[in-house]
Amino acid sequence: MKLYDSMLYPRETSQRYVVDLCGYWNFKIDKEHNGRGDGWQNGLDESILMAVPSSFNDVFTEKKIRDFAGDVWYERAFYVPEEWKEKNLEIRFGSATHKAEVWINGHEMGKHKGGFMPFAAKLNDIVKFGEPNIIVVAVSNLLDFTTLPLGRIEMLSDGRQIVLPHFDFFNYAGLHRAVKLVVTPIERVEDITVVTDIQGTDGIIEYDIETSGESDVHVEVYDEDGELVGESSGKRSEIVIEDAKLWCPGNAYLYKLKVKIVNVCEVVDEYYLNVGIRTVEVKGNRFLINNEPFYFKGFGKHEDCEYHGRGFNPVVALRDFELLDWINANSVRTSHYPYAEEFYQLADRKGIVIIDEVAAVGFQAVMNAVDKSVFEEEIVHSETLEYHKLEVERLIKRDKNHPSVVMWCLTNEPDSKNPHSEKYFEEIYAHGRTLDAQNRPLTYANFMYIKFEECKLHQFVDVIGLNRYWGWYEKPGEQFVDAMESFKNDLEEFSTPGKPIIFFEYGADTMSGVHKLPSVTFSEEYQVEFLDAYHKMFDDFDNVIGEQVWNFADFQTTEGPLRVDGNKKGIFTRTRQPKQAAFTLRNRWKKIGDNHKS
Ligand code: GCB
């Protein structure tokens, strides 16, 4: 038995059923780290309840539980009716952070590593029809130098282990996304790849479909009114949509691509995909969407909210899209990991542009004062590299068809000064270039302490992403004027013809409700002044083609002297209410529009 990647989003159609297994599961923390030895894989005794999807951490009142490092176990029963005997049966996890091991009716189904990607187990040979089946999942939150993100384990003097993340967000864990029983036909659609193009007023949809059999494939395209506007047959073909409505930022139009497998006039499988017709290209110092220069306005975000932690919360996701609309943002970077699939579906629908990031964060030595670069560790050059490549493959395979996704970010703030990092990233980026049928541009987020001439990585990317905190971590407050001088030099050095720059991060921690005249760091006034100065700088540089503030909302981090109940650089509070700077951004972003500098 094996767990395997499951990238095609589960949908109900005339031939497919999906049973949602979310809700309260039985739950147990493996405090003694001996759950397997004690037979927990057969079922959990003396368990408590845990909500799925959710992080487990913020449900409890005890610090030792919130910060527990090791396995947490989940269990529930599910039923499969006799009439599904002839179907393909799978159980699918939207994500389990960071590693999972699954048993069904006591049988080991396999292990999965990677906390942000969907995976599944095949049930047909294991399931008892018409009787209760027990599923048990052990989820580990441990991190090391071969996981993404990177982290370390430390032993405390009382014998407990804790995780030290190499990154600035709380190491939330658990079953973070929906668990579903997915019922599909034996002969079924397994993958779809779509590439779109524009020719005059026509839209072209090129598709490539993988199925598990040899029966005929028929494809139909419907517009938003449900009218059939194009069709074709075969697993690979092209459909021309006359007078196509394009998918544009802020003005999304989605066609429905309906795929049918037909065996002698009988439809044996049916699946659909929402398709936006659009093109993406970097040309000179511009990022073109549908051949028009696009200026990125928006945020780096987190999947983070009260109580749920990193668990997908559909209400918060909707609220976030409302706020993006209100503030006149047009884009988001999925810092620092791939988000829930539903997030991209909302972005497709609402016309928000996404820079999609893999969980390659923590490749440096700063966060927890490790004294040597991670690139000095042999293991990073072999095991981590291979795993990083796998996660890039998974990201692109899962998200390739979203019109909202316009660029792939393959790492955040690595120690790209280290000589060993050059070969490492050469391989990562070369591999990334082979994976996307749409050939979307590649980027990275540069760490502010690595200068242009020291950085070994920018040579491999199409767009340079900069994370900058001049006037915050360097020369804050009274020294702000000098911070801006350093910033200007820094930006001049990074200005390279043919490689436009997007600011992926800039921001200042701000306590909502703290007002001060004149401003001081942490006051709402300081955040406004900080952003105003940055915007002036961006407007002075023609090659800056985007600004994404750090962060959309306040978020939880590991405790420490630099954080006041989390990172407070949000433009919105953690409960999604605006700070003063939200109004500044709203005005600016309305004024400059989506094609600033075109
Ligand atoms: C960064 C990191 C981000 C942090 C941010 C900060 O450069 O990419 O994860 O949260 O700085 O606020 O320090």
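Values quoted throughout were computed directly from the atomic coordinates according to the rules given, and no laboratory measurement underlies them. No experiment lies behind these values; they were computed from the predicted model shown. Neighbour counts are summed over all protein chains in view; Cβ atoms, including those assigned to glycine, are modelled from backbone coordinates with ideal geometry.
Quick look at the values:
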| item | result |
| --- | --- |
| Fraction of antiparallel bridges per DSSP, segment 232-383 only, in percent to nearest 5 | 75 |
| HN-Hα J in Hz across segment 69-76 - Karplus 6.51, -1.76, 1.60, θ = phi - 60°, x for Gly and Pro | 10, x, 9, 10, 10, 10, 8, 7 |
| Using θ = phi - 60° and Karplus 6.51 cos²θ - 1.76 cosθ + 1.60, couplings along segment 452-461 (whole Hz; Gly, Pro as x) | 3, 6, 8, 6, 8, 9, 4, 4, 8, 10 |
| Size of segment 234-388 as Cα extents on the principal axes (Å, biggest first) | 65, 44, 43 |
| Label-zone membership for segment 16-30, site residue 46, 7 angstrom Cα→C-beta point, backbone N under 13 Å | 28-30 |
| Inter-centroid distance (Cα atoms) of segment 75-150 relative to segment 335-353, Å | 25 |
| Calculated FRET value between residue 79 and residue 272, using beta carbons and R₀ = 25 Å, to 0.05 | 0.35 |
| Student exercise, the chain dipole from Lys, Arg, Asp, Glu Cβ charges, in Debye to nearest 20 | 900 |
| Residue order, fewest to most beta carbons within 10 Å, for 381, 596 | 381, 596 |
| Mean ellipticity per residue at 222 nm, deg cm²/dmol - from DSSP H runs of n ≥ 4 across the chain, formula -39500 (n - 2.57) | -5500 deg cm²/dmol |
| C-alpha center-to-center spacing [segment 532-581, segment 445-511] in angstrom | 15 |
| Cα centroid separation - segment 19-61 against segment 240-316, whole Å | 35 |
| Rounded to 5, percent antiparallel among DSSP beta bridges of the chain | 75 |
| Charge context of residue 128, other residues only, Cβ under 12 angstrom, K/R +1, D/E -1 | -2 |
| Packing-based exposure ordering (other Cβ within 10 Å, fewest first) of 208, 168 | 208, 168 |
| Anchor residue 258: lysines whose Cα lies under 25 Å away (excluding residues fewer than 8 positions away in-chain) | 87, 180, 235, 245, 350, 397, 400 |
| Over 24 Å between alpha carbons, listed pairs 297/488; 256/499; 475/568; 85/260; 372/423; 63/99 | 256/499 |
| Positive-pole candidate from 598, 339, 531, dipole of the chain, charges at beta carbon | 531 |
| Debye equation applied to the C-alpha atoms of the chain, log10 I(q)/I(0) at 0.07 Å⁻¹ | -0.43 |
| ³J(HN,Hα), Karplus 6.51/-1.76/1.60, whole Hz, each residue of segment 269-283, x for Gly, Pro | 8, 9, 8, 9, 9, 7, 10, x, 8, 7, 10, 9, 7, 9, 9 |
| Rounded, prolate or oblate (a/c below 1.5 giving rounded, otherwise prolate when a/b exceeds b/c) for segment 513-597 by Cα gyration tensor | prolate |
| Contact order normalised by residue count of the chain, Cα under 8 Å, 6+ apart, percent | 13 |
| Amide H contacts under 5 Å for residue 282, placed H, 5+ residues apart | 288 |
| Among 324-335, 500-511, 127-138, the order from most to least packed when residues are scored by Cβ within 10 Å on average | 500-511, 324-335, 127-138 |
| Relative contact order of segment 309-592, defined on C-alpha pairs under 8 angstrom at six or more residues apart (%) | 14 |
| Positive-end residue of 504, 491, 515, charge dipole of segment 481-521 with Cβ unit charges | 515 |
| Least to most buried among 520, 280 (fewest other Cβ within 10 Å first) | 520, 280 |
| Cα shape, segment 541-585, gyration tensor, a/c 1.5 rule | oblate |
